[in-house]
Amino acid sequence: MNTRTGLAIDLGENVPELDFIRPSFPDTGICGTFRARAAEFGFILRYPKGKEAVTGIGWEPWHFRYVGVPFAREIADRGLTLEEYLL
């Protein structure tokens, strides 16, 4: 099954020593603002902290998935992962 849909994005803070595998994405500044407002633009944090048992992937604070505005808002409001929402 091909799951490469082009609906995900990895974001990172613009720093001189950028780590392309695990980019810095703090809870403050523009990164924090994006995280807080992501659902308004249809994005969800794909692999949230504490949900590793559900997603099967470790916490990735830089990895977002586009699901569309109404779905992102519902997922975020309910504190769900994509897996939990789809069940």
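Filtering segment 57-77 to residues that are surrounded by fewer than 17 Cβ atoms within 10 Å (Cβ to Cβ) and among the basic types (Lys, Arg) leaves only Arg73. Working only within segment 10-24, note down all residues that are at pLDDT below 85 and touching a Phe, Trp or Tyr at 6+ places or on another chain (Cβ under 7 Å). Across segment 10-24, the qualifying residues are Glu13, Pro23. Would you call Ile30 out of contact with any strand residue (DSSP E or B) (no Cβ under 8 Å at 6 or more places or on another chain), modelled with pLDDT under 95 and aliphatic (A, V, I, L, M)? Yes: the conditions hold for Ile30. In segment 42-56, which residue that is under 17 Å from Arg22 (Cα atoms) and out of contact with any Lys or Arg (no Cβ under 8 Å at 6 or more places or on another chain) is surrounded by the most Cβ atoms within 10 Å (Cβ to Cβ)? Selected residue: Tyr47.
Taking the conditions exactly as written (in contact with a Phe, Trp or Tyr (Cβ under 9 Å, 6 or more places away or on another chain), part of a helix (DSSP H, G or I) and within 20 Å of Leu11 (Cα to Cα)), does Ala36 satisfy them or not? It is false that Ala36 is in contact with a Phe, Trp or Tyr (Cβ under 9 Å, 6 or more places away or on another chain), part of a helix (DSSP H, G or I) and within 20 Å of Leu11 (Cα to Cα).
Taking the residues in segment 20-33 that are of a type outside the set (Val, Ile, Thr) and either surrounded by fewer than 11 Cβ atoms within 10 Å (Cβ to Cβ) or more than 13 Å from Trp62 (Cα to Cα) (or both) as candidates, determine which candidate is nearest to the chain's Cα centre (by Cα). The selected residue is Asp27. Condition (residue is within 12 Å of the chain's Cα centre (by Cα) and in a helix (DSSP H, G or I)) applied to segment 56-70: is it met by at least one residue? Checking segment 56-70: not a single residue is within 12 Å of the chain's Cα centre (by Cα) and in a helix (DSSP H, G or I).
Taking the conditions exactly as written (touching a strand residue (DSSP E or B) at 6+ places or on another chain (Cβ under 6 Å) and without any contact (Cβ under 8 Å) to a residue 40 or more places away in the chain), does Tyr66 satisfy them or not? Please lay out each step first, then the result.
Values: touching a strand residue (DSSP E or B) at 6+ places or on another chain (Cβ under 6 Å): yes; without any contact (Cβ under 8 Å) to a residue 40 or more places away in the chain: no.
Spelling it out, it is not the case that Tyr66 is touching a strand residue (DSSP E or B) at 6+ places or on another chain (Cβ under 6 Å) and without any contact (Cβ under 8 Å) to a residue 40 or more places away in the chain.
What residue, among those in segment 78-87 that are touching a residue at least 12 places away in the same chain (Cβ under 8 Å) and out of contact with any Asp or Glu (no Cβ under 9 Å at 6 or more places or on another chain), is surrounded by the fewest Cβ atoms within 10 Å (Cβ to Cβ)?
Taking segment 78-87 and keeping what is touching a residue at least 12 places away in the same chain (Cβ under 8 Å), we get 81-85.
Cutting the leftovers down to out of contact with any Asp or Glu (no Cβ under 9 Å at 6 or more places or on another chain) gives us 81-84.
Values: Thr81: 21, Leu82: 18, Glu83: 11, Glu84: 13.
Step by step, filter segment 78-87, then rank; the result is Glu83.
The values are calculated or read from the model by the stated rules, or taken from the named source; none is laboratory data. As the structure is a computational prediction, the values presented were derived from the model and not from experiment. All Cβ positions, even for glycine, are placed from backbone atoms using ideal geometry, and neighbour counts span all protein chains on display.
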